[in-house]
Amino acid sequence: MAAPYPDPLRVAFVPGVTPGKWERVWRERRPRGRLDLIPMNQDAALAALAEGTAHMALLRDVAADETWHAIPLYREAPVVVAPKGSLIAGLDSVTLAELGSLDDVVVLTVDLHGGSGSDAVELVAANVGVAVMPQSVARAHSRKDVVARPVTDGVETSISLVWPTAAAHPMVDEFIGIVRGRTANSSR
């Protein structure tokens, strides 16, 4: 009987997440098996999981519930992205209170659910304001005309590997093992 989900295993990932290491290990262990990595924003990745067009996703701030299994992988520190010549660029780090006390600084809202963060970085580069975002997103959209500084009291985000509680792809357990660092010969 044929498996309900043949290759490929499709894994969505949100901006800033870099699944390349896990992809390399997958290809070493399954040279004939396909792994499709699909960059998406958070809302699109959740929709793809719900529709079955993605089997797993690397998402921000999603916890396990009756709909999703979720394995927390790591936490991300927040940074503020500011124009290179700004007052903030001269600081080693900043607090949210310090950002709020700067009268001439507009703090832009970053939509990581429906967007990638690149629009906010474009606006920062145009000297419209500053933007607080996860460090990995700032790194993914880095430019020569902006800088990122740690926000010491900002809220961290969590990256988790997420997949549906029902009708999981048969290769989900193998990908989980890779993400968790299991060797090819280790058992669960």
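The values are calculated or read from the model by the stated rules, or taken from the named source; none is laboratory data. Please read all numbers here as calculations on a predicted model, not as lab measurements. Ideal geometry is used to build each Cβ from the backbone, glycine not excepted, and the neighbour counts take in all protein chains shown. Calculation scope for accessible area: heavy atoms of the full protein, side chains included, ligands and nucleic acids excluded. Shrake-Rupley method; radii C 1.70, N 1.55, O 1.52, S 1.80 Å.
Here are Leu49, Leu37, Leu58: which of them is part of a helix (DSSP H, G or I) and either in contact with a Phe, Trp or Tyr (Cβ under 9 Å, 6 or more places away or on another chain) or farther than 30 Å from Asp103 by Cβ (or both)? Give the derivation first.
Working: Leu37 fails: part of a helix (DSSP H, G or I); Leu58 fails: part of a helix (DSSP H, G or I).
So the residue among Leu49, Leu37, Leu58 that is part of a helix (DSSP H, G or I) and either in contact with a Phe, Trp or Tyr (Cβ under 9 Å, 6 or more places away or on another chain) or farther than 30 Å from Asp103 by Cβ (or both) is Leu49.
Residue by residue through segment 85-144, note down the ones that are polar (S, T, N, Q), open to solvent by 70 Å² or more (accessible area, probe 1.4 Å) and in contact (Cβ under 8 Å) with a residue 24 or more places away in the chain.
If we filter segment 85-144 for residues that are polar (S, T, N, Q), which is where we start, we get 86, 93, 95, 101, 109, 116, 118, 127, 135-136, 142.
With open to solvent by 70 Å² or more (accessible area, probe 1.4 Å) added as a condition, the list becomes 101, 109, 127, 135, 142.
Answer for segment 85-144, where residues must be polar (S, T, N, Q), open to solvent by 70 Å² or more (accessible area, probe 1.4 Å) and in contact (Cβ under 8 Å) with a residue 24 or more places away in the chain: Asn127, Gln135.
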- Query: On the given criteria, is Glu28 closer than 30 Å to His169 by Cβ and open to solvent by 60 Å² or more (accessible area, probe 1.4 Å)?
  - Reply: yes
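Out of Val110, Val132, Val121, which single residue is in a helix (DSSP H, G or I), farther than 29 Å from Glu66 by Cβ and within 20 Å of the chain's Cα centre (by Cα)?
Numbers: Val110 fails: in a helix (DSSP H, G or I); Val132 fails: in a helix (DSSP H, G or I).
Val121 is the lone residue from the list that is in a helix (DSSP H, G or I), farther than 29 Å from Glu66 by Cβ and within 20 Å of the chain's Cα centre (by Cα).
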- Query: Does any residue of segment 70-81 turn out to be closer than 19 Å to Ile176 by Cα, at pLDDT 95 or above, part of a helix (DSSP H, G or I) and touching a strand residue (DSSP E or B) at 6+ places or on another chain (Cβ under 7 Å)?
  - Reply: no
- Failed item, numbered, when Arg149 is tested on (1) charged (D, E, K, R); (2) in a helix (DSSP H, G or I); (3) in contact with a strand residue (DSSP E or B) (Cβ under 7 Å, 6 or more places away or on another chain): (2)
